[in-house]
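Please read the structure below before turning to the comments.
The values are calculated or read from the model by the stated rules, or taken from the named source; none is laboratory data. As the structure is a computational prediction, the values presented were derived from the model and not from experiment. Positions of Cβ are generated from backbone atoms using ideal geometry, with glycine treated the same way; all protein chains shown enter the neighbour counts.
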Amino acid sequence: MTKTSKTDALIGVCQAIRAEGTISDTHIGLLEASFGVERVQKALEALNDSRIKKYVFQPSGRVVWIVVGKERDYLVMPAIDYCACDDFYYQFDRGHVCYHIIAQKLAEATDRFDLFEDDDQIFDVLTREWKTIPEEPPSKKKKTEQTESTEDTV
């Protein structure tokens, strides 16, 4: 399945969700057929955990979507089906859609996201923060620290 057909499937399911007002098992099944069970479950988990944020900056009206991931916050641009995650970066040329994009589209279809309205003056500060890639993900850092402390006691 190509990225275009996957994106079309996602758009169609989201339109149905919006019309019906809920995410049904049928919708989930259609999404899983297009994107795989694991990816859809991660998207639903992000949705259920309220990890999708919509920032609206005034007076410009600029909109930024963020999906809070396991390692950091991910910038999602739904109009172009872009995500700042590594999964998207390494797989987009293969028709890949990451779970952050799926989660954002589901959040928008169901109106289940946290809305933040901020002044344009802090737009640059926040986008710089969202675009910054941490040197070492927190989970890897913890594992490294645990390994080092274990080695010290041996």
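Checking each residue in the range 1-20 for being at pLDDT 95 or above and either among the polar types (S, T, N, Q) or not in a helix (DSSP H, G or I) (or both) picks out only Gln15. When each of Ser60, Ser34, Ser50 is tested for being more than 20 Å from Arg112 (Cβ to Cβ), among the hydroxyl-bearing types (Ser, Thr, Tyr), part of a loop (DSSP other than H, G, I, E, B) and in contact (Cβ under 8 Å) with a residue 24 or more places away in the chain, the lone residue that passes is Ser60. Taking Cys85, is it surrounded by fewer than 22 Cβ atoms within 10 Å (Cβ to Cβ) and of a type outside the set (D, E, K, R)? When the stated conditions are applied, Cys85 passes them.
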